[in-house]
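One structure is given here, and the rest of the page talks about it.
The values are calculated or read from the model by the stated rules, or taken from the named source; none is laboratory data. For clarity, every value in this text was computed on a predicted model and none was experimentally measured. With ideal geometry, Cβ positions are generated from the backbone for all residues, glycine too; neighbour counts draw on all protein chains shown. Note: areas computed on protein heavy atoms with side chains; ligands, DNA, RNA excluded. Shrake-Rupley method; radii C 1.70, N 1.55, O 1.52, S 1.80 Å.
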Amino acid sequence: MQRVCMGKLMELAQQDSRVLYLTADSGEGGLDRIFRMNFPGQSLEFGIAENGMIAAAAGLSMAGKIPFVYTAAPFLAYRSYEFIRNDICLQDMNVKILAPGSGLSVGQLGPTHHTTEDLSALRTLPGLLVLSPATPLQAAEAVRTAYGHSGPVYIRLGMTGEKEFYDDPYRMTVSGNDTLRGGKDAVAYTTGSILEEVMEAAELLGGDGISLKVVNVSILKPFASEALREDAARFKVIFAVEEHNIHGGLGSILAETAAYRGFPLRVYPIGLSDTFAEGYGTQKEVRKENGLDAASIRRKIREAL
Amino acid sequence: MNGTDARDCLELRRAIFLAGYRGGAAHLASCFSSVEILYTLYMKGVLDLGQWDSRERHDRFILSKGHAALALYAVLDRAGLIRPGRLQDYLKPGCRLGGEPRRGELEWVEATTGSLGHGLPTAVGLALAQKMDKTPYRTYVLLGDGECEEGSVWEAAAAAVSFSLDNLVAVLDCNGLQKTGTVPDIMKAVHWKEKWEAFGWTVRDADGHDPESIRECLLLEAEPGKPSLIIAHTVKGKGVSLMEGNPQWHYRLPNRKELKRFKEELGIAEGEVV
């Protein structure tokens, strides 16, 4: 996912000299060096200093540049929250925040490196477009979408090795909701790279005789409600599967949307139940330990139906 | 200070006080501390401003110590850079001119500030853009000394050196006071000159209430590759003896008895204070 983002970013940097790549000692190995080599005047290393980098991105934007800020998601979403709020959102700066390593993708290092409350925190910031791509093609498309959008954007990214579920060439739909799998017995909404667990759970449930519809949400804010309204009328419960606290993330978005728009909906949240994730290991292992792998998702859906 | 400067700065303090008093709230002491610095930047030929509406703005200025907003507005008003009468909108309902500077509400307010520690890193971004665009212009920023307790100031101080921003000039309004006490009491080890020099900045000292002294420092050539800091030695509340150097005046207006002193010292006539 990170690799394709860098590729897309280089493409943009080639086309538009206003595109800048800002990092806080957080580059992506070889590709990062290629970026620096090809665009030395468009890449800026701030050292381990995220807040200063975010505010400087605002200053660059004031002068007409288009900064893409890139560093590990938790240090942006949590440490730099006030800088994102005051410097980027409050002043409507054309700054793109690329947040790799979100969710549990840095499983080996534990909760300081998990990002499981970023959506709750960031989606309340006025004017911030919140994108959450699930696959490499979606990630590249999110970078392109962010470039085309005039204003602040947060892109929640995984790490590497996410499965692809889209066909190339891919264009993000206007709504940002895609049905990746049809189903008549139940529906799961999900966002980000945990999509692959949900797709696998759908396979397993198929074996159990339960046909699960899977909707992937890649634009969390603004959230398009039409598909949800239809699903709410069709299914007695909507499962919201996310690598995030159940408070404030996708499940909350679905519940809020229905409540604010006045249609009945029951959301069954599958995420971290107001807790930090436990355990260490690969992303898949940590998902499993915290009940977010395909088998656990299958079990929770079966129990709830 | 020459006669014109002295008269202008007294007029500025009167304007700040009257707008603040009529508005019902102001950080008067912070404003009075910064009067000569802002006056020198805008009215003594330091800032090369270009056109506000143009993308090609020349020098840039950020008021990082946002509490001095009203001083900035008063200087912009006196310099004829904003619509006449706009200053009287201060804190009036519906008029969009508040206690901290907000981008988009008033011409020449480059950045929204008020939360400390944001102005210098933002200025780093502006100065970087000026360098990238190969312009000869500079970015100026006004910091408070209490503000330098914020960590992000030092992130920016390091970044400015690592990017060789010799077009960045920070002025430190060094009045030694913060909201609840003196900066030396709270920090114990202050040593601004040594700290900024250790970060790689060129540091100069100025009398922060003498426009000539400030101007001389501001117009000095930068050392190649090095950002500049001017420590402007000031008195918080300068111009009204009750306020001078007294932390109790961080955010308050005079009561009836104190008002008499303000009027006497600022030369405000009966009837001007409504």
| Subset of segment A:102-143 (residues that are of a type in the set (A, V, I, L, M) and on the phi > 0 side of the Ramachandran plot) | none
| query | Is it the case that some residue within segment B:97-118 is more than 21 Å from residue A:64 (Cβ to Cβ), surrounded by fewer than 23 Cβ atoms within 10 Å (Cβ to Cβ), away from chain A (no Cβ under 11 Å) and among the small types (Gly, Ala, Ser)? | reply | yes
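Results for (1) of a type in the set (Phe, Trp, Tyr); (2) more than 18 Å from the chain's Cα centre (by Cα); (3) modelled with pLDDT of 95 or more, shown as yes or no for each residue.
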position	(1), (2), (3)
B:197	no, yes, yes
B:208	no, no, yes
B:229	no, no, yes
B:274	no, yes, no
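On the basis of being at pLDDT 95 or above and within 14 Å of chain A (Cβ to nearest Cβ), does residue B:60 make the cut?
Yes.
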| message | Only one of B:216, B:221, B:194 is without any contact (Cβ under 8 Å) to a residue 40 or more places away in the chain, part of a helix (DSSP H, G or I), away from chain A (no Cβ under 14 Å) and loosely packed, with under 14 Cβ neighbours inside 10 Å. Can you tell me which? | response | B:194
| task | Give me a count of the residues in segment B:200-213 that are farther than 15 Å from residue B:47 by Cβ and either part of a helix (DSSP H, G or I) or among the charged types (D, E, K, R) (or both). | result | 6
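Taking helices (runs of 4 or more DSSP H) that do not extend beyond segment A:1-68, which have at least 1 residues that are open to solvent by 40 Å² or more (accessible area, probe 1.4 Å) and at pLDDT below 95?
Where helices (runs of 4 or more DSSP H) fall fully within segment A:1-68 and carry at least 1 residues being open to solvent by 40 Å² or more (accessible area, probe 1.4 Å) and at pLDDT below 95, they are A:2-15, A:29-38.
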| query | If you go through segment A:145-154 one residue at a time, do you hit one that is assigned to a helix (DSSP H, G or I), crowded, with 16+ Cβ neighbours inside 10 Å and β-branched (Val, Ile, Thr)? | reply | yes
| said: Any residue that is modelled with pLDDT under 95, within 14 Å of another protein chain (Cβ to nearest Cβ) and open to solvent by 30 Å² or more (accessible area, probe 1.4 Å) - is there at least one of those in segment B:34-48? | reply: no
| request: Look at segment A:43-68 and say how many of its residues are more than 7 Å from every other protein chain (Cβ to nearest Cβ), in contact with a Lys or Arg (Cβ under 8 Å, 6 or more places away or on another chain) and closer than 27 Å to residue B:104 by Cα. | output: 4
| remark: In segment B:156-191, residues that are among the small types (Gly, Ala, Ser) and away from chain A (no Cβ under 14 Å) total 3
| message | Tally up the residues in segment B:253-274 that are surrounded by fewer than 14 Cβ atoms within 10 Å (Cβ to Cβ) and either polar (S, T, N, Q) or part of a loop (DSSP other than H, G, I, E, B) (or both), please. | response | 6
| remark: Within segment B:136-155, residues assigned to a strand (DSSP E or B) and away from every other protein chain (no Cβ under 14 Å) come out as B:142, B:144
| task | Go over the candidates B:221, B:244 one by one and state the one that is within 20 Å of residue B:44 (Cα to Cα), out of contact with any strand residue (DSSP E or B) (no Cβ under 7 Å at 6 or more places or on another chain) and not hydrophobic (A, V, I, L, M, F, W, C). | result | B:221
| Only one of (1) at the interface with chain A (Cβ under 8 Å from one of its Cβ atoms); (2) surrounded by fewer than 23 Cβ atoms within 10 Å (Cβ to Cβ); (3) under 16 Å from the mean Cα position of the chain (by Cα) fails for residue B:133. Which number is that? | (3)
| request: Collect the residues in segment A:69-84 that are more than 10 Å from chain B (Cβ to nearest Cβ), part of a helix (DSSP H, G or I) and out of contact with any Leu (no Cβ under 9 Å at 6 or more places or on another chain), keeping them in residue-number order. | output: A:74, A:75, A:78, A:79
| task | Look through segment B:84-96, keep the residues that are in contact (Cβ under 8 Å) with a residue 60 or more places away in the chain and part of a loop (DSSP other than H, G, I, E, B), and return whichever of them is farthest from the other protein chains (Cβ to nearest Cβ). | result | B:92
| said: Conditions first: (1) open to solvent by 10 Å² or more (accessible area, probe 1.4 Å); (2) without any contact (Cβ under 8 Å) to a residue 40 or more places away in the chain; (3) of a type in the set (Gly, Ala, Ser). Residue A:72 passes all but one, so which condition is the exception? | reply: (2)
| task | Considering only segment A:30-48, state which residues are small (Gly, Ala, Ser) and in contact with a helix residue (DSSP H, G or I) (Cβ under 9 Å, 6 or more places away or on another chain). | result | A:41, A:43, A:47
| field | Close pairs (8 angstrom Cβ cut-off, 6 or more residues apart or separate chains): part of a strand (DSSP E or B) in segment B:156-178, of a type in the set (Lys, Arg) anywhere | value | B:168/B:138; B:169/B:138; B:173/B:65; B:177/B:236
| message | For segment B:1-31, give me each residue that is within 17 Å of residue B:267 (Cα to Cα), open to solvent by 50 Å² or more (accessible area, probe 1.4 Å) and hydrophobic (A, V, I, L, M, F, W, C). | response | B:10
| field | Whichever residue in segment B:230-243 is without any contact (Cβ under 8 Å) to a residue 60 or more places away in the chain and under 18 Å from residue B:173 (Cα atoms) and, among such residues, is least open to solvent (accessible area, probe 1.4 Å) | value | B:231
| said: Could you check segment A:85-140 and list, in sequence order, the residues that are part of a helix (DSSP H, G or I), more than 27 Å from residue A:174 (Cβ to Cβ), open to solvent by 10 Å² or more (accessible area, probe 1.4 Å) and more than 14 Å from chain B (Cβ to nearest Cβ)? | reply: A:108, A:109, A:111, A:112, A:113
